[in-house]
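These notes concern the structure reproduced below.
The values are calculated or read from the model by the stated rules, or taken from the named source; none is laboratory data. Quick caveat, the model's predicted, so the values are computed rather than measured. We place every Cβ from the backbone using ideal geometry, glycine too, and count neighbours over all the protein chains shown.
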Amino acid sequence: MDLKHIFDNNKKWIKEKLDVDKDYFTNLSKGQSPEILYIGCSDSRVSAEELMGVNPGEVFVHRNIANMVPNTDLNVQTVLNFAVRYLKVKHAVVCGHYYCGGVKAAMQSADMGILNPWLRSIRDVYRLHQKELDAIEDEEQRYKRLVELNVQEQCINVIKTAAVQKAYKEWDFKVHGWVFDVKTGTLIDLKIDFEAILEDIMKIYKIS
């Protein structure tokens, strides 16, 4: 595959931006003050800024396989800490998507090599919600529900962190769980009731 078209596209994009605003890149270079931290999937079909219709500088983005927020992953934890403590974002979003390859792989009994530890965290989500998931007879619906529950559990991992607990106390900060439906292009707010979910267990994780 010839990548020359990418650089041609870049030149076209620069011209389009400057035609509208001659100071566009000068202003962009002055810094960022996003209000949203977006943690999404690395899937090439799911472009964070495009599906939200936002401009550069409006969203701080982190992407990995299956939009995970593992406690032991320094990459996502560093992004989360920086976005909350230093950028002072007002919203943290975990956005999954239906037909996610990472979630699908976690539902299969297969040795995926280096992916095994990563997928095990998704399998832990299945274990936590096994009764509900096993009761869903339709495999595709069970798969989609696991996508939703994985978003929920990753949001809870976000809330467990010291930076987020402090943010809740110091400013109007919210955590959101969303799912993107690749088949329709629809962005769905799962409207997760974190207070109800965490009511009995938050005392275990409270650190701030």
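A few remarks follow.
- Filter result for residue 29 (of a type in the set (Gly, Ala, Ser) and more than 25 Å from the chain's Cα centre (by Cα)): yes
- Residue ID - surrounded by the most Cβ atoms within 10 Å (Cβ to Cβ), chosen from residues in region 70-83 that are closer than 17 Å to residue 156 by Cβ and touching a His at 6+ places or on another chain (Cβ under 9 Å): 80
- Residue satisfying all of: in region 127-143; part of a helix (DSSP H, G or I) and in contact with an Asp or Glu (Cβ under 9 Å, 6 or more places away or on another chain); nearest to residue 154 (Cα to Cα) among these: 128
- Selected residue (only one of 199, 153, 140 is farther than 25 Å from residue 51 by Cα, of a type outside the set (Phe, Trp, Tyr) and in the same structural domain as residue 76 (by TED's automatic domain parsing)): 199
- Count - residues of region 135-171 that are farther than 18 Å from residue 39 by Cα, in contact with a helix residue (DSSP H, G or I) (Cβ under 7 Å, 6 or more places away or on another chain) and of a type in the set (A, V, I, L, M): 1
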